[in-house]
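The values are calculated or read from the model by the stated rules, or taken from the named source; none is laboratory data. Treat the numbers as computed from the prediction; the structure is a model and nothing was measured. Methodologically, a virtual Cβ is constructed for each residue, glycine included, from the backbone with ideal geometry; neighbour enumeration extends over all protein chains shown.
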Amino acid sequence: MRARRAKALIDKQRDAISGLRVKSYDWAPFNSWHRETEIIIKRLFGEATPHARTFSDISYSSGVFVAGGGRDYEEERRRWSEGFDEAEAFLRVLIDEIDRDTHFGCFHPQKATAIVDEKGKITLYWLTRHLPARFVWIGLGALVSALLLGVKLGQVSWIKELFTQ
């Protein structure tokens, strides 16, 4: 997809926020906008990326209602506005990511790597392909340190007595 088109889709959703913000708790247009934005994010960045989940986790209401205490309209408006602020900031981050992943005018999102192999198992082959080398060296260093510590402690007389009885 062309980067210009991808940015235009995100910008359109971001521009719609100002119109939705003034319609306090008008859920029909909000739900339509929210669903369309989720679809755009999934199509641009893929199902495997956490972007769609991050966007859907943004809260636009406090979710706390007091029985018999009435509604706190000021708190509802504040939370509604904060949700849109967060959504707008997140959509700006997505545009920055599109700029970062654009090569020669085409947007190519980075692919999310699988946590496990195709069969759902972490294998030695998978570890060699996905584990950074520094973790391997750290693990080997810890193993050698533990062995050397065991040899040294095995030479202490009271530890010898403790384990030889």
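Observations on the structure shown:
- Within the stretch 1-24, the set of residues being more than 15 Å from ILE95 (Cβ to Cβ) and in a loop (DSSP other than H, G, I, E, B) comprises LYS23, SER24.
- Candidate set from the stretch 49-72 (those that are assigned to a loop (DSSP other than H, G, I, E, B) and modelled with pLDDT of 75 or more); member that is farthest from ASN31 (Cα to Cα): THR49
- Hey, ALA89 of a type in the set (A, V, I, L, M, F, W, C), surrounded by fewer than 13 Cβ atoms within 10 Å (Cβ to Cβ) and at pLDDT 85 or above or not: yes
- Subset of the stretch 18-41 [surrounded by 14 or more Cβ atoms within 10 Å (Cβ to Cβ) and either over 20 Å from ASP99 (Cβ atoms) or not assigned by TED's automatic domain parsing to the domain that holds ARG92 (or both)]: LEU20, ARG21, PHE30, TRP33, HIS34, GLU36, GLU38
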